[in-house]
Amino acid sequence: MKLLESVVEFRRARAEVPGSLGLVPTMGFLHRGHMALVKRAREENDSVAVSIFINPTQFGPSEGYQTYPRDLRRDLELLKAEGVKLVFAPPPEEIYLPGFDTWVEVGALAERLEGASRPDHFRGVATVVMKLFNIVRPDRAYFGQKDAQQVRVIEKMVADLDLCLEVVAVATVREPDGLAISSRNTHLSPEERKAATVLWSSLSAARDRWAQGEARARILKKVIVSTIDKEPLARLDYVSTADSKSLEEVDTIDRPTLVSLAVWIGKTRLIDNVTLAGR
Ligand code: PAF
């Protein structure tokens, strides 16, 4: 496995990798969710590259860029054990040269849901992912379905800008009690960790209700809100039932629908989602 920190070095190493290449973009501090992406990339490609870059432009002013957890040594051990060929871990100044001022903005899709609560977040994501695609030149790129809107934004960017690669969404990896695995879970106290199961239990309750025949979005949202309300440590930021492609809100679940939510557990904001197939 080769660790490369500059664009020039990476390009040189990339040129020597034959066959198809899968890319797993990450911000490091790897967990089982990331490793599921790496495993899938290994199954579907001759070689795998992983980027580790905490992207400053996707963090809002109080979103903890400076305190984002890091452990490069451990990350490298995990990736080596998984047979990863190339790791790209540049410093911020390698990606954002002085005077950097060209941005990728994905329109309406990026303004809803997470975009409404986190202005500029998806502009930062789309810009850095575009740069990573240009530097790495992968055949396929792997993203977790936990960040469903991120997947949609990247798919849209790839389609709108005629990029020649496949975006692969990989199912969310969960703890045994249903909590979606996320780097943010490490911020939770033991009590908050227990309370955080309310995200998945509320989504599961809505999914069960839908499976029993309920197609009205407002009723499914009510199920979620009332489940969250019963957990004293949880505060709902938003709940949405949206067309899974356009992310426009729907009144009736009559097509594939993304049911998603963001919840504050103490000072930690967690997101999760489930897709209902539609009837
Ligand atoms: O999902 C993430 O970890 C980040 O948003 C990504 C895709 C690596 C871009 O910085």
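Coordinate-derived values only; no laboratory data. Predicted model, so just to flag it, every value in this text is computed and none were measured. Neighbour counts run over all protein chains shown; Cβ positions are idealised from the backbone, glycine included.
For the stretch 1-17, a residue qualifies if it is over 19 Å from Lys80 (Cα atoms) and touching an Asp or Glu at 6+ places or on another chain (Cβ under 8 Å), and the qualifying residues are Ser6, Val7.
Listed by position, the helices (runs of 4 or more DSSP H) inside the stretch 134-246 whose residues that are among the polar types (S, T, N, Q) number at least 2 are 148-160, 198-211, 217-229. Filtered by the rule that a residue be in a strand (DSSP E or B) and either more than 20 Å from the chain's Cα centre (by Cα) or not polar (S, T, N, Q) (or both), the stretch 40-57 gives Ser47, Val48, Ala49, Val50, Ile52. Restricting Gly60, Gly115, Gly83 to residues that are out of contact with any strand residue (DSSP E or B) (no Cβ under 6 Å at 6 or more places or on another chain), small (Gly, Ala, Ser), exposed (fewer than 13 other Cβ atoms within 10 Å of the Cβ) and not in a strand (DSSP E or B) narrows the list to Gly83. Do we have Arg73 as over 16 Å from the mean Cα position of the chain (by Cα), part of a helix (DSSP H, G or I), of a type in the set (Lys, Arg) and surrounded by 14 or more Cβ atoms within 10 Å (Cβ to Cβ) here? No: the conditions fail for Arg73. Taking the listed residues Asp139, Asp147, the one that is within 27 Å of Glu94 (Cβ to Cβ), away from the ligand (no atom under 13 Å from the Cβ), among the acidic types (Asp, Glu) and out of contact with any helix residue (DSSP H, G or I) (no Cβ under 6 Å at 6 or more places or on another chain) is Asp139, with no other qualifying.
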